[in-house]
Amino acid sequence: MEKYLNILNIAIYGSAVLLMLIGLYGALTKKSLIKIVLGLSILDSGVHLLMIAIGYLKDGTAPIFSPGNEDKMNIMVDPIPQALVLTAIVIGFGVTAVALSLVIRLYRHHNTLRIDEIKKLKW
Amino acid sequence: MNYIIYFSLTVMILALILSAIRFYKGPSAGDRTLALDTMTTIGVSGIVLLSYMYNRYIYLDVALVYGVLGFIGVIVIARYLEKAL
Amino acid sequence: MIYIILTLTLLLLMIASAVYAIWQKDLLYAVIASGILSLFLSIVFLILQAPDVALTEAAIGVALTTIIFIIAIRNTVRFEDEHDKKKVKTTTK
Amino acid sequence: MSILEILGGILLVIGSIFLFLGSLGIYRMPDVFNRLQAGTKASTLGAMATILGVGLLAPGWILKIIIIILFIGYSNPISSHALARAMHKRKAFMYFKGEEIDAYKEIEEKDNTEK
Amino acid sequence: MVGSPVLFVAIPLLAAFIIPLTGMMWKNSVRVIPGLVLAFMFFLSISLMGYVNEHGTIVEVLAGWKPPIGINLVFSPFTGFLTTLMTFLGFIVWLYSYKFKRNVDFEPSMKYFMLLMLLVTGSVGIVLTGDIFNMFVFIEIVSISGYGLTSFYTRRDSAEAAFKFLFMGAIASTFLLIAIMIIYSQLGTLNIADIAEKMPMMDHKLKVLSLVFFILAIGVEAEIFPLNGWAPDVYTEAPGPIGAAFAGIVVKAAIYASVRLVYTMYDFSGAFDLFIIIGLITFIMAETTALRQDRLKRMLAYSSIGQMGLVMIAFGIGTKEGVYAALFLMFNHAIIKSLLFFSGSYLVFNKKNKYIKHVNGMGKYLPITSVLFTIGAFAIIGLPPFAGFWSKLAILTAAADNKMVVLIAVILIISILEAVYYLRVVNRIYFYDKKEKTEPKKPSLNALVAMISLGVIVLVIGFYPDLISGILDRAAADLLDKGNYIKDVLTLNK
Amino acid sequence: MKSDYFKKLSFGTKMSRFFMNWIFLMMVWLGFTNSFAPQELLVGVFLTALISFLGIRLFTCCDLSLLHPVRLFNILKFIVVFLIALIKSNLDVARRVLSPSLPINPGIVKFKTKLTKNFAKMVLANSITLTPGTLTIDIVDDTFYIHWIDTLTTNPEEAFKEIAEQFEEILLKIF
Amino acid sequence: MKKVIVLISLGILGFYLIDIFLGIGFGVQHFTAGVKDLYLSNSKDTLKVSNVVTAIVVNFRGFDTLGEVTVLFLASTALGGILYKKRHHVGERSVLFPASRVVMSGAKLLFPSIVLLGAYVFIHGHLSPGGGFQGGTIIATGFLLMLLTYRNYSVSHNRLVYFESLAGILFVSIGLVGYFSKGSFLENVLPVGNMNELFSGGVIGIIYIAVGFKVAAELTGIIYTVLHEKD
């Protein structure tokens, strides 16, 4: 079991970090504004996965004391990262919505989404 | 009983992979959306199965919400493809 | 054991769809791919015993973010390289 | 092993096999309409059977299970219908074995002339 | 006690939720209510300052749970000083922009005042809160209202500036989350005082890395050197008063956050050197870039970044004198830079690109505004009878006490550069002839009141610096007394 | 909400529609909560009443007369017929998918229906979509356009007999 | 060239991140005296709330939730300001032509159930996963479904503003009631009831209902604004 947990350790953290890096790569190198926003939202997803993974506890169950199977509720995963991620997801959505509205307005003015054609201020 | 669940999960994973391949290959937007739809359906059944495995009744809520919102997402994409949006 | 395989597959598909979302030139497909990413991410959250977060991710990640991206694409352009606008006809057939 | 468990197990197996067949269908079929045919039917029945199987295994959950089943059975055909209509409007590729049989074309041509 | 710190957040939010309702019935209420709320916040902070001076730090518990469990707000001499400064500036910005742009429609103007109020609220929240995740939430509030305010004008470039700001802000917020999670995974708590107490238990490597992530995240708002790419554009494109609000309020809150991290949460002193290095680079880069600018607001923006660098240097000195100098600088910079933004935006009013050459000969047409701008320019350079002189003196003596000769030399040299570009503008105002035929816009009464009150403060502090030095002394002592902070928060008898 | 799709109806049917939908939503609520605890029921009764009251203009599909025993019997019959057709269709799909040569002959055919209510048409369309080899593409007035995976005939009447007759008979008795 | 620089710096960042988090470890708990156990026990014994995440989000760290609601409010405000233009023909229709009969009838029957599902999710926030945000999102997507299928379906802007403002005022005033009667903001003022019953947890249920309405109104407003952006 230790070994499997070790695999999961590398896999989950690795994929969370990879998601972040992919998102950052897209946000930094892509030319299309919508692609940049998409990259930012993928970056957010990666961070959220990272936070949940930190709160996970081996053999734990969800932090909800529902009736029925009380024997499983001795070990519970950490509820705090979950609460924080809840907040972070909603905030991330707010930022994405604002970003997309900015993109729409930029398109209205410049009639293009390509960042190298919009760039009037120094980037 | 456990083996049956393992078997179902394995088959679901294979189904997920097949629809992912269809998503990758395309060729049209409809195919990709169909792949998304199928994945949502598989996901709902997978979540129900997972909630049975963990023996937590409350996880069923997730399946319900997941199904509803996946459906709405597909309708939105279909309406966009119709050029009605 | 099956948990491990399930989780690994989901993670792999997740990464693949993220790469696809960044790599794809057609923004609509990229957005659908990010929706699929959220779909798998939500199942991974469930496996990590976070049903609240899974629900939120399903609600906000799968539905709302995808929808608002699609509306944004509707209001702007569908392709990353706008010079390929003629591609619309060839790719969607 | 009660009778419910045996039934539930059988339903699980059948359901997951149909889910797989649905995916195989959307993988193998030649055009988007046929894929929709295969995908919708098989994955709907597959999901319904799987979920009902779980409902039989855990009888206390049955009401919610029924709601989920009803919902899937209700929404899946609607979404595939919407997709099919959209793809036909987009003039997606249609596979015909012999000659072209397309009764819907007339409506679209009428629409286009009206516009 | 007259009120409690929680009202700083609760009342503005209540007002923000009420405003859309009242706006349907009485249209002017969307302008009046934010002003009343900001004034209320200012008086609340003054009265709480009086209480704090007598009875010591107030720790407000939220939701009835004591600190390690719940969130708490800390109103100490230090945070109280910043709160007073911010709410005062917020009120002044509101006063200045009360009649701003009459031609703007009802809906955008409602949004403008609401966003301004929430910007101030968010900054006050950053300063008051005693919990790092709560700080993250407030930073996001500030950022989003910042994005909205930046793109207030529907001109071409404002959306671009806002997008740039958003891009950096979004990446920064993910870094902040990572840093918070590293700390949480090691210590199991989110309360700043609790973290500070448990910090020695943490692995050294993780400590350093989490601090780096924190600085990377907060540095975006605090305009430290490699992360301040958004600042000049935002200052240029945002409405004039919003530039003042950014320079005076948001950046102060961000500097507070980084200072709180380094002085209270982390227990190693290497961070102080980091502060000095970052500050020096920011200072030098910004001031030399400001010299080359041809647009007035952009020049002011770079000058503002440079001043922030100076503040970082002063905090990096680490002694009580250094902190005192830093606080004095923050106070002066908030007042003077707001004055410069206010008067400067009237000097180049209605010009499309707002070049420096547009101020030519404005001394004859707008005498009061020009005089106020001149006062601000002299003060920020540090000429003797004005407020800026005392803060520059304080930082130089603090550096001298620590025998940092190089630092003194650099500050003096760069100050001369600063003097050059400010005096260039003053020179143009008075000794050049006006070329454009367009009539300059006269400031309205409320704007004039706002500017003159700022100018009077600059002059009064310049002649009587003792008026403020007592408060600054207490605030500096409070910041440096880490044990007291932890004791105040954790041993709370409610 | 001014719309030509929401038909104006008289007060009596409105009342009866309201109660029908109350009952319907209450059943959905029971499904959601999966419990018969008095508190849940209390909240559910109030909430569903509120929603069906506010959405009175949305519910035009059916009223209390749906609960007539004959109709209920027909609904059950429909469900049985439908399930049989669903299983048949799945076996059909399985046969087609698994055979290596893909035995399909697709085409789009049309036929007319006697159903008048939109909701009944929707149910018919859904049933057609889920039954062997057919997929509804569009409904224009009372003409159905069906994608048929194995086109046996292009004649509308024959197609109707082949595809939709068994459902329509029962649906006509229900609505 | 830019891509190479980006890749190198991302590689460094990724290396350090992997290093940190593999060191932290998966499935193990590092701290011994953290607040986790306090939250679990207090939620079970004092508040009688079975969903600990809800207890944290609404009560222990309720201030965060207030901030979060404010963020959404700000987002919808800022979005309205950003997309504002002097338009004469705003909000006449959301889609160009209606969807097919099937989708229309389907959406009509589904819409009340979706709203009911949203209400279920935020009423049961303290018993099962979910809460105000999720429920609000579900209701907003239900409205979106109607907006997309019917051409003439419109949401009254004023009604949205009423809902949004009243729900927000309800939230803050519950907090202020706690402040004036018990001495601290957002403190529970109602009896907590028994565990795993619907009426339990004191003000948590009420706050989540307020949050649900507010989020639903805000998200519907956001979608509506963006959807009607194009002329």
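The values are calculated or read from the model by the stated rules, or taken from the named source; none is laboratory data. Just so it is clear, the structure is predicted and the values come from calculations on it, not from any experiment. Using ideal geometry, Cβ is built from the backbone for each residue, glycine included, and neighbour counts are taken over all protein chains shown. These accessible areas exclude ligands, DNA and RNA; they are computed on the full protein's heavy atoms, side chains included. Shrake-Rupley method; radii C 1.70, N 1.55, O 1.52, S 1.80 Å.
A few comments on the model shown:
- Among A:Ile104, A:Ile75, A:Ile52, the residue with the largest mean-square fluctuation in a Gaussian network model of chain A, with springs joining Cα atoms closer than 10 Å, is A:Ile75.
- When each of D:Lys41/F:Lys77; E:Lys164/E:Lys392; F:Lys88/F:Lys110; E:Lys297/E:Lys435; E:Lys352/E:Lys441 is checked by Cα-Cα distance, pairs over 24 Å: E:Lys164/E:Lys392
- Furthest towards positive pole of dipole, D:Val13, G:Leu10, E:Phe113, structure part the protein assembly as shown, Cβ charges: E:Phe113
- Distance from the range E:451-492 to the range F:85-136 (C-alpha centre basis), Å: 78
- Working note: 222 nm ellipticity from helices only, DSSP H runs with n ≥ 4, each -39,500 (n - 2.57), summed and divided by the residues of the protein assembly as shown, gives -24000 deg cm²/dmol to the nearest 500.
- Candidates A:Gly94, C:Ala30, E:Val420 compared by Cα position along the dipole of the protein assembly as shown: farthest toward the positive end lies E:Val420, with charges placed on Cβ.
- For the range E:232-309, the list of chymotrypsin sites (Phe, Trp or Tyr not before Pro) that fall in a loop by DSSP and count at most 13 other C-beta atoms within 10 angstrom reads E:Phe268.
- Helix D:105-114 axis versus longest C-alpha principal axis of chain D: approximately 60°, rounded to the nearest ten.
- Its alpha carbons give the range E:351-458 an Rg and a Dmax of 17.0, 55 Å.
- The range E:85-150 and the range D:16-66 have Cα centres lying 52 Å from one another.
- C-alpha long axis of helix F:11-33 to longest principal axis of chain F, angle in °: 80
- Within the range C:2-92: Cβ-based charge dipole about Cα centre, in debye rounded to nearest 20 (Lys, Arg +1; Asp, Glu -1): 400
- Percent carbon-and-sulfur accessible area, the protein assembly as shown, ignoring ligands, DNA and RNA, probe 1.4 Å: 65
- Given charges at beta-carbon only (K, R positive; D, E negative), |dipole| of the range A:2-118 in Debye: 640
- Centre-to-centre separation between the Cα atoms of the range E:357-389 and those of the range E:220-239: 24 Å.
- In the protein assembly as shown, the alpha-carbon atoms span a convex hull of 170 Å³ per residue.
- Charge dipole of the range B:2-81 about the Cα centre (unit charges at C-beta), most positive-ward option of B:Ile13, B:Ser28, B:Met53: B:Ser28
- Long-range HN-HN contacts of E:Lys66 with modeled amide H, under 5 Å: none
- Under the combined filter of DSSP loop state and at most 10 neighbouring Cβ atoms within 10 Å, the range D:7-115 retains these GluC sites (Glu not before Pro): D:Glu99, D:Glu100.
- Beta bridge orientation in the protein assembly as shown: antiparallel %, DSSP, nearest 5: 85
- Accessible surface, chain B, averaged per residue in Å² (probe 1.4 Å): 23
- G versus E: buried accessible surface, summed, Å² (probe 1.4 Å, to nearest 100): 4900
- Counting only protein heavy atoms and a 1.4 Å probe, the range D:3-114 has 34 square angstrom of accessible area per residue.
- For the set D:Lys91/F:Lys121; E:Lys320/E:Lys482; E:Lys403/E:Lys487; E:Lys27/E:Lys351; A:Lys31/E:Lys252, the pairs lying more than 23 angstrom apart at their alpha carbons are D:Lys91/F:Lys121; E:Lys403/E:Lys487; E:Lys27/E:Lys351; A:Lys31/E:Lys252.
- When each full DSSP H helix of chain B is screened for a Cα extent of at least 20 Å along its own axis and an average Kyte-Doolittle hydropathy of at least 1.6, the helices passing are B:60-81.
- Dipole moment magnitude, nearest 20 debye, the range F:9-101 about Cα centre, only Lys, Arg, Asp, Glu C-beta charged: 340
- Within the assembled protein chains, the solvent-accessible surface assigned to F:Leu76 is about 110 Å², based on a 1.4 Å probe.
- Axis angle, to the nearest 10 degrees, between helix A:33-55 and the longest C-alpha principal axis of chain A: 20 degrees.
- Under-5 Å amide H pairs with F:Asp150, H placed in peptide plane, nonlocal only: F:Asn105
- Applying both filters, DSSP loop and at most 13 other Cβ atoms within 10 Å, to the chymotrypsin sites (Phe, Trp or Tyr not before Pro) of the range E:1-79 gives E:Trp26.
- Cα-Cα over 30 Å, subset of E:Lys364/G:Lys85; B:Lys83/F:Lys112; G:Lys108/G:Lys214: E:Lys364/G:Lys85
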